[in-house]
1. For Ser105, only one of the following conditions fails: (1) under 18 Å from His36 (Cα atoms); (2) outside any helix (DSSP H, G or I); (3) at pLDDT 85 or above. What is its number?
2. Restricting to the range 54-90, name every residue that is in a helix (DSSP H, G or I) and either surrounded by fewer than 16 Cβ atoms within 10 Å (Cβ to Cβ) or under 12 Å from the mean Cα position of the chain (by Cα) (or both).
3. Please specify each residue of the range 10-20 satisfying the condition of being over 15 Å from the mean Cα position of the chain (by Cα) and either in contact (Cβ under 8 Å) with a residue 40 or more places away in the chain or outside the structural domain of Thr84 (by TED's automatic domain parsing) (or both).
4. Among the candidates Glu100, Glu135, which residue alone is closer than 30 Å to Thr14 by Cα, in the same structural domain as Ser57 (by TED's automatic domain parsing), among the acidic types (Asp, Glu) and at pLDDT 80 or above?
5. Can you tell me which residue among Gly27, Gly79 is touching a Leu at 6+ places or on another chain (Cβ under 7 Å), at pLDDT 90 or above and small (Gly, Ala, Ser)?
6. So in the range 120-150, with the set limited to residues that are among the acidic types (Asp, Glu) and in a loop (DSSP other than H, G, I, E, B), which one is surrounded by the most Cβ atoms within 10 Å (Cβ to Cβ)?
Amino acid sequence: MMRIVTGLFDEHRTVDLVVEHLVQEFGIPRERVQVHAMEPSSGEEARSTQDCDQETSLPDLGLPQEAVQVYGEGMRHGGILLATWVDDAWVDRALATYGEYGATSPKAYEMREPGAADDWEQRVRVRAYHLWEQEGRPEGRALEFWDRACAAEDAPGQSARR
C-alpha cells in the first residue's frame, strides 16, 4: 500500500536536499515527489519545474480536507509543501528524514481508496510525463508514453481503468 508523506519547509534549498535524499538514498522515484508553494507575485499555487506540466494541485493530492486547508494556509505564509508517495515499508524513514531537515509536522496519510481510478490515472500521467521528458520530449509519441506508463502501473484488476 502507498502512503503520502507530507511536511512544510521554510526554504527551497532545504526541500531540494530532502528530495535528493529521498531519491538518492532511498531510491524513491522522482515522479513520486512533488513540491508545492505559492507564487509570491500572484499568490497562486506553483509547483516544481518537474511538476509544472502536471495537473495535480494541492486539493488533488488525495489528502484529507483539513490537511489541504492547513497546508494551503502554510503555503500562503511562505511555506513549501513536499509531498512524497512511499510504500508502507518506507514511511517511518521518510518521516524521519522530513523531521531531520526541519519539516513542520511531517505526517503520513493513507492514499484514497487504492483502487480509485483517479489515483491510478494520476500515477500513469506522472509516469508518462517523466518517460517523455527522459527521452527528450519527442513530439507525436504521447500514446506510446501513455501505454508504457500504463504497463508499468498495471496490477491485477487495474488494466480495465485505461
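1. Condition (3) is where Ser105 drops out.
2. If the condition is that a residue be in a helix (DSSP H, G or I) and either surrounded by fewer than 16 Cβ atoms within 10 Å (Cβ to Cβ) or under 12 Å from the mean Cα position of the chain (by Cα) (or both), then Leu58, Pro59, Asp60, Leu61, Gln65, Glu66, Gln69, Glu73, Arg76, Asp88, Ala89 are the ones that fit.
3. Asp10, Glu11, His12, Thr14, Leu17
4. One residue alone meets the criteria, Glu100.
5. That would be Gly79, the only listed residue that is touching a Leu at 6+ places or on another chain (Cβ under 7 Å), at pLDDT 90 or above and small (Gly, Ala, Ser).
6. So the residue we want is Glu135.
The values are calculated or read from the model by the stated rules, or taken from the named source; none is laboratory data. Note that the coordinates shown come from a computational prediction; the quantities given were computed from them, not determined experimentally. Glycine gets a Cβ as well: all are built from the backbone with ideal geometry, and neighbour counts include every protein chain shown.
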